[in-house]
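The values are calculated or read from the model by the stated rules, or taken from the named source; none is laboratory data. The model shown is predicted, which means the values in this text are computed figures rather than measured ones. Note that each Cβ is placed from the backbone with ideal geometry, even for glycine, and that neighbours are counted across all protein chains shown.
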Amino acid sequence: MAINPPGDIVLDVINAADPSRLEAAQAKLKAGQATLEAQRLASTDESFDATIAREHIRDNTSLNVENKKEIPAAYRKFESMVLSNFLKSMMPDSEEIYGKGATGEIWKGMMAEKLADEISRNGGIGIAESLAQHGSTRTNDKKADAEYNRSGRMHMATQLVDETQMKLLDKLITGAEPQKKNS
């Protein structure tokens, strides 16, 4: 006759236990298994809510990706950038989640960026569609566009030069004052 110590000990304990307490323990174990199974179903796509959500997305033509027209990647990237800024400002400032200091800020920014990319890739909030719609109605007069762009670039360049000149002037003025005070 072979002996299996762990199994025999458990069997001896069960036999020595009060039958009513044994039944209560077995009922608790069965209830725990049912709870675990319910939690598993709720956390997977087999749950009722997930099934309803999938069918809603499949039946809703505005959410269905197959019915959407192709949006240029540049518009999607712009929408993603805007969403990233929104999401980052809405995320909690928690060192427990992201970490401390600059590293935490980097992680927070990366998380916001990835979330925004996913949202934009899956339809976004309409910024890219609006840009695509209004972008296609623009005038095709390339000469007028080129002149407008040139004018805008010249204005930006002038502002940049003015700003640089002001910074240099500030440095010269603040650099000259301490020398006068020492003499």
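Quick look at the values:
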read-out: Condition met for Glu118 (more than 16 Å from Phe86 (Cα to Cα) and at pLDDT 85 or above); value: no
read-out: Counted residues, segment 87-135 - those being of a type outside the set (A, V, I, L, M, F, W, C), over 24 Å from Ala74 (Cβ atoms) and assigned to a helix (DSSP H, G or I); value: 8
